[in-house]
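Structure, as structure tokens:
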Amino acid sequence: MPMGHTATAEAGSGGLTATEHRLANGLRVVLSEDHLTPVAAVCLWYDVGSRHEVKGRTGLAHLFEHLMFQGSKQVHGNGHFELVQGAGGSLNGTTSFERTNYFETMPTHQLELALWLEADRMGSLLSALDEESMENQRDVVKNERRQRYDNVPYGTAFEKLTALSYPEGHPYHHTPIGSMADLDAATLEDAREFFRTYYAPNNAVLSVVGDIDPEETLRWVEKYFGSIPSHDGKQPPRDGSLPERIGKELREVVEEEVPARALMAAYRLPEDGTRASDAADLALTVLGSGESSRLYNRLVRRDRTAVTAGFGLLRLAGAPSLGWLDVKTSGDVEVPVIEAAVDEELARFAAEGPTPEEMERAQAQLEREWLDRLGTVAGRADELCRYAVLFGDPQLALTAVQRVLDITADEVQEVAKARLRPDNRAVLVYEPTAPEDAADEEDEETAK
Amino acid sequence: MTEAATMQFHPQPQAGTARPWAFPAPERGALGNGLTVLRCDRPGQQLVAVEVHLDAPLDAEPKGLDGVATIMARAFSEGTDKHSAEEFAAELDRCGATLDAHADHPGVRVSLEVPVSRLPKALGLLADALRAPAFADSEVERLVRNRLDEIPHEAANPARRAAKELSKELFPASSRMSRPRQGTEETVSAIDSAAVRAFYERHVRPATATAVVVGDLTGIDLDAVLADTLGAWTGGTAEPRPVPPVTADDRGRVVIVDRPGAVQTQLLIGRVGPDRHDRVWSAQVLGTYCLGGTLTSRLDRVLREEKGYTYGVRAFAQVLRSAPDGTGAAMLAISGSVDTPNTGAALDDLWKVLRTLAAEGLTDPERDVAVQNLVGVAPLKYETAAAVAATLADQVEQHLPDDFQAHLYRQLAQTGTVEATAAVVSAFPDDRLVTVLVGDAAQIEEPVKALGIGEVTVVTG
């Protein structure tokens, strides 16, 4: 087993270190010691997300994630959950555009169990996967979709804006939850094929963080994962690159039964992992994060035209990131009033750049967010996997905050000038309808 | 043919030796101004959490001014004698701090999180907010309007709407608990800066407040920092206020909040039961976990993992308000959402789970796994300073001793299957539950009536 180098703490890492290893079957392993609390986090990232899905099978990566909890050769039924929880651990899995992650946080003395469980399903899921769990989890996921998206006001905004932002056929055009029709259409054979293609040790990164003995941990990893055969059926995801700017504003008006008018927009921003993406993060923080941001001060405090106003960043590595604007209007205020104010603020920011005070605040906020993320063993394990899978180097997780602090005001202004402009956004406007109108519309749709 | 064929399997590993862990014991003290301080050093936790409990409960709000405690809590961060509202927000962000405040039945809670390097400055801002809030007319007006704008958003959210209806059903109209915590359109509209200041002057003072500070305090002279910040807050003493008893009407019945076209039904099934002062609490925690604490609990085993009716249904107990004499109460509830066509079938199954539990009780293995989880996850759950601070502050506002949580873990380990069964069956009797359903009445009313779980009424709005 080739051993990786032992990193010494780098500047800006807060004293955290991580070591890297690779098993003969291609599984990459990242270990990070921290003995403050008797807990250890196991995190496994598979390099597969909704961007790998094909037309007609949206939602398959996420549905498959559910199937990973339905048992494997030595783990029966819900055994994965039962064993981890019975050991005093917590666990889950999530699916995004670019990856699927699985994680357990365990009391230290139960770490080996989590490794055994993850290895069992990586190596033998198909021996347990059957129609019954497929049908059951299909229904569960459809109810997840209803609960989180279809049955809440503005619940499908993310899906709509993503579809507007990435053109038809683009791997990020659809979101991980998928469509009801595609969830219905997925077959057991699709799930099996998905596993055979993507769930291989050479398509995954395993991180173990916390109160661990690295040598012993590595022995366990070798013991449980080492004999899982690698396989190379995976096609690279379709190319997600797009021009830097959309070139014109894209717009959709949604008339739905929502409580207030809303203006949402997605700006096309630099890919994650670049200095420009950190600069964009700072720009969005100055403009729209928290109660001292420019948009909050303008729309909520001064104009009093909005009940909430803010920006968020959806960081993506394989396609342009999205700068996410969300404003809910106050009272009877109309959307054009909001839009004019937003455009004015963005134009002013592009022209003037951030003040030194704004840079200081934005960097302090992002630094706190990083401390928060790296402050738990589970958060650290996830970030180590993220940088290993998406950027090939887990060490980057430990120095991420320093990179944000190194960005200059000029870089922030530059990205704002180039990207935060009306011809580089997809806009979603919500206009509320009365309940009766909404019901009528729905009848029409059903009649079609 | 599967890839599994060539993998070498090993038996399930056995646990190693557990490293001892105990819920942290805080050090309790008081400042010269009467402010109680709990501190707890958590090495490695660079984000320090500060929780302040103010003895300004919702039932102290003047008649017709429901929501004034909420507006006051929000107004703490809208300017002081040193900073305007905008400046205050900017100073907080400059510290990399977050400051949240909310009002609930036991009182107002103010929560600060900040990197330890900027703790003194952030504590100074927090102290200013509590000591000398500006409550400027214009800022309070804005907060009132903002709050009014939020109300329709809450009404549109099925879970929030269900919670509002359940409170209205359970508690007598005269009780503050029957009404929305953050007020209604009518009461919020009546709030102005004078009302906020009057509430502040009457109920906010260091002598009846507690601050909890948790994090890596190595190298911090916390006494000096506190003396310079929260120590400068002044105020008189207060007479203890009588705590009204909590009464609730839990006759089994169903209220449907009509949402034509809803693809799911939000369900919230609840009643009122004992709080943490009751000897039964640990058994109730254990039994409730077995009923609906996780996706391998009884409810989800059927409703989710067998039937696929839901993404998840949970049973829980949430303390409403406690009193030193033990007369407080908790909301006991089951909540989740199920798809519209299966609403009747899902409720039928849910009631079957309750009846089977009452008839047959919990099993020993079920109890064992629950104890192992509830006790075992403690070191994970309390890894961050914020989690420790929140629990310590909860204990304070619920009039519990500082070692309550540590003691609870010992009690859980000693609670048997019979006690846990008795507690959960008594917490969720199948004929004493108020069911609120937010969903499409045209589709769910008849199937729900057919279940015989109580009279069904339909409301709109």
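Descriptive notes on the structure:
- Scanning segment B:127-166 for residues that are part of a loop (DSSP other than H, G, I, E, B) and of a type outside the set (S, T, N, Q) yields B:Ala132, B:Ala134, B:Phe135, B:Ala136.
- Look at segment B:7-20: where a residue is free of Cβ contacts under 8 Å to residues at least 12 places away in the same chain and within 11 Å of A:Tyr224 (Cβ to Cβ) and a partner is hydroxyl-bearing (Ser, Thr, Tyr) and not in a loop (DSSP other than H, G, I, E, B), sitting 6+ places away or on another chain with Cβ atoms under 7 Å, you get B:Met7/A:Ser124; B:His10/A:Tyr224.
- Selected residue (only one of A:Asp139, A:Asp150 is at the interface with chain B (Cβ under 7 Å from one of its Cβ atoms), under 30 Å from A:Glu271 (Cα atoms) and out of contact with any His (no Cβ under 8 Å at 6 or more places or on another chain)): A:Asp150
- Matching entry among A:Glu215, A:Glu189, A:Glu193 (being without any contact (Cβ under 8 Å) to a residue 12 or more places away in the chain, assigned to a helix (DSSP H, G or I) and under 24 Å from A:Tyr387 (Cα atoms)): A:Glu215
- Matching residues, segment B:278-300, being of a type in the set (A, V, I, L, M, F, W, C), under 19 Å from B:Gln398 (Cα atoms) and either within 14 Å of chain A (Cβ to nearest Cβ) or not in a helix (DSSP H, G or I) (or both): B:Val280
- Residue ranges of helices (runs of 4 or more DSSP H) in segment A:48-132 with at least 2 members modelled with pLDDT of 95 or more and of a type in the set (Asp, Glu): A:111-124
- Taken over segment B:411-441, the criterion of being of a type in the set (A, V, I, L, M), outside any loop (DSSP other than H, G, I, E, B) and either touching a strand residue (DSSP E or B) at 6+ places or on another chain (Cβ under 7 Å) or under 11 Å from B:Val257 (Cα atoms) (or both) is satisfied by B:Ala427, B:Val434, B:Val436, B:Leu437, B:Val438, B:Ala441.
- Test: A:Ala87 is touching a strand residue (DSSP E or B) at 6+ places or on another chain (Cβ under 9 Å) and either more than 30 Å from A:Phe158 (Cα to Cα) or not assigned by TED's automatic domain parsing to the domain that holds A:His173 (or both): yes
- Meets criteria (facing chain B (nearest Cβ under 7 Å) and under 28 Å from A:Asp326 (Cβ atoms)) for A:Asn92: no
- The selection criterion, being buried (at least 16 other Cβ atoms within 10 Å of the Cβ) and either within 30 Å of B:Leu35 (Cβ to Cβ) or at pLDDT below 95 (or both), holds for B:Leu226.
- Of the set (1) buried (at least 18 other Cβ atoms within 10 Å of the Cβ); (2) modelled with pLDDT under 95, all apply to B:Phe199 but (2).
- Where A:Thr108 falls short, out of the listed (1) touching a residue at least 40 places away in the same chain (Cβ under 8 Å); (2) within 7 Å of chain B (Cβ to nearest Cβ); (3) touching a helix residue (DSSP H, G or I) at 6+ places or on another chain (Cβ under 7 Å); (4) not charged (D, E, K, R): (3)
- Annotation for segment B:430-438: at least one member residue is within 30 Å of B:Ile256 (Cα to Cα), β-branched (Val, Ile, Thr) and within 14 Å of chain A (Cβ to nearest Cβ).
- Filtered residue count, segment B:36-76, keeping only those that are in a loop (DSSP other than H, G, I, E, B), surrounded by fewer than 24 Cβ atoms within 10 Å (Cβ to Cβ) and of a type in the set (S, T, N, Q): 1
- Residue ranges of helices (runs of 4 or more DSSP H) in segment A:310-418 with at least 1 members in contact with a Phe, Trp or Tyr (Cβ under 7 Å, 6 or more places away or on another chain), in contact (Cβ under 8 Å) with a residue 40 or more places away in the chain and within 30 Å of A:Cys43 (Cα to Cα): A:377-391, A:400-406
- Taking the criterion of being of a type in the set (Ser, Thr, Tyr), closer than 22 Å to B:Ala330 by Cβ and not assigned by TED's automatic domain parsing to the domain that holds B:Ala101, the only residue of segment B:197-254 that qualifies is B:Thr247.
- Total residues in segment B:77-110, condition within 14 Å of chain A (Cβ to nearest Cβ) and assigned to a strand (DSSP E or B): 4
- Test: residue in segment A:411-428 that is farther than 19 Å from A:Gly323 by Cα, modelled with pLDDT of 95 or more and either assigned by TED's automatic domain parsing to the domain that holds A:Thr329 or surrounded by 22 or more Cβ atoms within 10 Å (Cβ to Cβ) (or both): no
- Residue count, segment B:362-377 (criterion: crowded, with 19+ Cβ neighbours inside 10 Å and more than 8 Å from chain A (Cβ to nearest Cβ)): 6
- Flag for B:Ala25 being free of Cβ contacts under 8 Å to residues at least 12 places away in the same chain, in a loop (DSSP other than H, G, I, E, B) and not β-branched (Val, Ile, Thr): no
- Answer from A:Ser277, A:Ser241, A:Ser179, A:Ser230 - the residue that is surrounded by fewer than 18 Cβ atoms within 10 Å (Cβ to Cβ) and either aromatic (Phe, Trp, Tyr) or within 30 Å of A:Ala409 (Cβ to Cβ) (or both): A:Ser241
- Among (1) buried (at least 22 other Cβ atoms within 10 Å of the Cβ); (2) on the phi > 0 side of the Ramachandran plot - the single one B:Phe428 does not satisfy: (2)
- Looking only at segment B:5-40, and only at residues there that are of a type in the set (D, E, K, R) and more than 8 Å from chain A (Cβ to nearest Cβ), the one that is nearest to B:Ala127 (Cα to Cα): B:Arg39
The values are calculated or read from the model by the stated rules, or taken from the named source; none is laboratory data. Owing to the predicted nature of the structure, the values given are computational and were not obtained by experimental measurement. Ideal geometry is used to build each Cβ from the backbone, glycine not excepted, and the neighbour counts take in all protein chains shown.
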